[in-house]
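The values are calculated or read from the model by the stated rules, or taken from the named source; none is laboratory data. This is a predicted model, so every value here is computed, not measured. No Cβ is skipped: glycine too gets one built from the backbone with ideal geometry, and neighbour counts run over all protein chains shown.
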Amino acid sequence: MNELLPVFEWQQHVIAPWTTGLKSTLWIVLMGFFVATACGLLGNYLILRRMALVGDAISHSVLAGIGVAVVLALQLDTATLFIAALAAGMATTLIIEIIHRYTRVKQDAAIGIAFTSLFALGVILISFKSGKVHIDTECVLYGEVALVPLENFHLSLTPALVGAIDKLPMSEVYLRGNELVMAPDVVRMGFVALAVALLVWVFYKELLVSSFDPALAFSLGINATFVHYALMALLSVVVVSAFESVGAILVVAMLILPGATAHLLSARLPVILALTVLHAALGTLLGFHLATWLNCSIAGAFVVAGMALFLLAWLLSPHDGLLAQWHRRRNLKLEPPEEISSTSSAGN
Amino acid sequence: MSVNVTKTVEPPPLEFHDLTVAYHKRPVLWGIDLEIPKGQLVGIIGPNGAGKSTLIKAAMGLLQLNSGWVKVFGEPIGKNLKRVGYVPQRESVDWDFPVSVMDVVLMGRYGHLGLMRRPSKKDRNIARDCLEKVKMLPYANRQISNLSGGQQQRVFLARALAQESDIYFMDEPFAGVDAATESAIVTILHELKAKGKTLLVVHHDLPTAKEYFDSLLLLNMRVVAYGPTEEVFKYDLLQSTYGGRLTILSEVAEAVREKS
């Protein structure tokens, strides 16, 4: 049989990446995990607020922000892109709010109007200057995960620190002599993921009550509108930090998949948040090895692995999983209440 | 936070002055002037679209006012949030939300907690007492989607009790609940009133309105009448509140007849 799929070899596809190829494996897996965690945690609140597609909108309208930066002939360095994209994200949120509030257009349609318009605006602005700047649209959509392991962050350490860091696991990857060597994209995304996790933890009450019952939130002195905009700003930051390396498609998928999977497995928000992080870790690992095996897009494999976990949760969830439902239906002996059974037997 | 009881008279729990609220240029409330004294159990009565819920939301500072002002204990609502408790309409929230009954009642304590503070043991005990009062303690760890309509309403009531406020706004707490829940709510309303709390309750059922409340606010965009139930629950006043709606008018006639 001429294989459609390459032969799966345990040694080559699972062991080797963690031994000989450890350096790039570690950075890529960490990057995927950080992106999925940051997106997944925020995504939970988007799902609860029925705003799942707002992340989609923000990730697309980032192009308008880049377009404005290009037309203003700004340097396209990370800081500029960051501010431009953050502004675009906030603009998207505002436009959705304004259309939704001041017209009859419902929120989902308003989202559709806002991000397609901003995306188109970005396309036009960039095409003005297309000769002078290089914007790789493929990169915007699919990202360049393979470039993630580029280590150009070096930091000299004192001997005491070297000694301490040397004891950490996998220190051969990030410790060279007395220098700490890191992939800057991964470090940045790590900080973003950590910030998101901290904010979700610190503002747990505020996020919970303003998502569940905004009117009660106001009566408790929690400004639900402010929480909404803060959430959107944070979402913009996450989308921008992630999409340069992993692409808009992975970002959008990771906003929904981990949270949606966790929702199938639990009905308690703290458990759901923990499961989201678990999904991020498992999905990234599985996806990475899938990509190594099939030699395919890493970002794509992350999403496919995340989807596989979602299907697995759907099948196995203890309460409303397919198997549990099937099992319950098989073992269910319905005994009709007295009065109904007597009337129906009389009818027969 | 305890309020210093001084010899000076405390300002009224709730005061509206020339309040006007409009949605998209269409006025919903027009020129509301009202003062609710302490310890009153007020039923807000009026036809659909009369602005009953809007009045409550305006009082709580949830809406932009077109003119006028609202004061809670003599201050803008923002300064007295802790003294206000709220029971929203049951349909206003998503009951599939991944929280337990206990979590929802604990939300009532959030106003008493600082930033980053989690509910303490004391807060949990208060929440448990409140659940006990509405006979929902056995359900404390249930996911809220597994509750019946009446149980959902009782959870909301327990949450409002946990707020330990001085004035309560309740939006249709009797809508679609079973008889047992209805009588449980009435009992609690009267207990709160006996403790000197002030309660404003949107109510849609005329025949029970005169039993449940000791004063009524008849509302149809404007205040048609406000006063003790026996003075306000009159055919002509109800007729002008409900306008020419025949089905309701017969209900009014029925209700007034029952009363006499």
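Mind telling me which of the residues B:L137, B:L199 ends up being without any contact (Cβ under 8 Å) to a residue 12 or more places away in the chain and not β-branched (V, I, T)? Write out each step before concluding.
Details: B:L199 fails: without any contact (Cβ under 8 Å) to a residue 12 or more places away in the chain.
Going through B:L137, B:L199 in turn, the sole match is B:L137.
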### Lone unmet requirement of (1) touching a residue at least 40 places away in the same chain (Cβ under 8 Å); (2) under 22 Å from B:V223 (Cα atoms); (3) not hydroxyl-bearing (S, T, Y) for B:G85
(2)
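Out of B:N66, B:N125, B:N80, report the one residue that is out of contact with any strand residue (DSSP E or B) (no Cβ under 7 Å at 6 or more places or on another chain), of a type outside the set (A, V, I, L, M) and either more than 9 Å from chain A (Cβ to nearest Cβ) or crowded, with 19+ Cβ neighbours inside 10 Å (or both). Spell out the reasoning first.
Working: B:N66 fails: out of contact with any strand residue (DSSP E or B) (no Cβ under 7 Å at 6 or more places or on another chain); B:N80 fails: out of contact with any strand residue (DSSP E or B) (no Cβ under 7 Å at 6 or more places or on another chain).
From the options B:N66, B:N125, B:N80, the qualifying one is B:N125.
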### Message
If a residue counts only when it is modelled with pLDDT of 80 or more, which helices (runs of 4 or more DSSP H) contained entirely in the range B:192-260 have at least 2 such residues?
### Response
B:206-212, B:229-232, B:235-242
### Message
Name the residue that is farthest from B:L106 (Cα to Cα), counting only residues in the range B:32-63 that are within 14 Å of another protein chain (Cβ to nearest Cβ) and β-branched (V, I, T).
### Response
B:T54
### Query
Given the range A:173-242, what helices (runs of 4 or more DSSP H) lie entirely inside it while holding 2 or more residues that are within 14 Å of another protein chain (Cβ to nearest Cβ) and over 18 Å from B:R118 (Cα atoms)?
A:214-219
### Task
Could you grab me the full set of residues in the range A:1-50 that are closer than 30 Å to A:Q107 by Cα and not in a helix (DSSP H, G or I)?
A:R49, A:R50
#### Entry: Test: B:V93 is among the hydrophobic types (A, V, I, L, M, F, W, C), closer than 30 Å to B:N146 by Cβ and buried (at least 22 other Cβ atoms within 10 Å of the Cβ)
no
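Let's see how each residue does on (1) aliphatic (A, V, I, L, M); (2) buried (at least 23 other Cβ atoms within 10 Å of the Cβ); (3) within 21 Å of the chain's Cα centre (by Cα):
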site: B:L161; (1), (2), (3): yes, yes, yes
site: B:E164; (1), (2), (3): no, no, yes
site: B:A175; (1), (2), (3): yes, no, yes
site: B:D178; (1), (2), (3): no, no, yes
### Message
With within 24 Å of A:Y204 (Cβ to Cβ) and either outside any helix (DSSP H, G or I) or not acidic (D, E) (or both) as the only criterion, which of A:G89, A:G67 stands out?
### Response
A:G89
### Query
Is there a residue in the range B:129-141 that is in contact with a Ser or Thr (Cβ under 8 Å, 6 or more places away or on another chain), at the interface with chain A (Cβ under 10 Å from one of its Cβ atoms) and in a loop (DSSP other than H, G, I, E, B)?
yes
## Note on the structure
Taking the range B:143-191 and keeping only residues that are among the acidic types (D, E) and part of a helix (DSSP H, G or I), one is left with B:E182, B:E191
### Query
Looking at A:S59, A:S24, which is the one that is in contact with a Pro (Cβ under 8 Å, 6 or more places away or on another chain), of a type outside the set (D, E) and at pLDDT below 85?
A:S24
### Query
Can you name every residue in the range B:86-116 that is more than 8 Å from chain A (Cβ to nearest Cβ) and more than 23 Å from the chain's Cα centre (by Cα)?
B:D96, B:G114
### Summary
By residue number, the members of the range A:180-213 that are at pLDDT below 90 and surrounded by fewer than 21 Cβ atoms within 10 Å (Cβ to Cβ) are A:L180, A:V181, A:M182, A:P184, A:V187, A:R188
### Summary
Listed by first then second residue, the pairs whose first member lies in the range A:264-293 and is within 14 Å of chain B (Cβ to nearest Cβ) and assigned to a helix (DSSP H, G or I), whose partner is surrounded by fewer than 18 Cβ atoms within 10 Å (Cβ to Cβ) and of a type in the set (D, E, K, R), with beta carbons under 6 Å and at least 6 positions apart or on separate chains, are none
### Query
Is there any pair linking a residue in the range A:111-123 that is under 15 Å from A:A87 (Cβ atoms) to one that is part of a helix (DSSP H, G or I) and of a type in the set (D, E), with Cβ under 9 Å and at least six apart or on different chains, and which?
A:F115/A:D56
#### Entry: Within the range A:148-164, considering residues that are in a helix (DSSP H, G or I) and surrounded by 14 or more Cβ atoms within 10 Å (Cβ to Cβ), the one modelled with the highest pLDDT
A:V162
### Query
Out of all the residues in the range B:146-196, which are among the charged types (D, E, K, R) and away from every other protein chain (no Cβ under 14 Å)?
B:R154, B:D178, B:E182, B:E191, B:K193, B:K195
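Residue-by-condition table, conditions (1) within 25 Å of B:G108 (Cβ to Cβ); (2) touching a helix residue (DSSP H, G or I) at 6+ places or on another chain (Cβ under 8 Å); (3) among the charged types (D, E, K, R):
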| residue | (1), (2), (3) |
| --- | --- |
| B:V21 | no, yes, no |
| B:G74 | yes, no, no |
| B:N80 | yes, no, no |
| B:P88 | yes, yes, no |
| B:S92 | yes, yes, no |
### Message
With at pLDDT below 90 and in contact with a strand residue (DSSP E or B) (Cβ under 9 Å, 6 or more places away or on another chain) as the only criterion, which of B:L41, B:L14, B:L55 stands out?
### Response
B:L14
### Message
Please go through the range A:222-241 and give me each residue that is within 20 Å of B:M60 (Cα to Cα) and surrounded by 17 or more Cβ atoms within 10 Å (Cβ to Cβ), ordered by number.
### Response
A:I222, A:A224, A:V227, A:H228
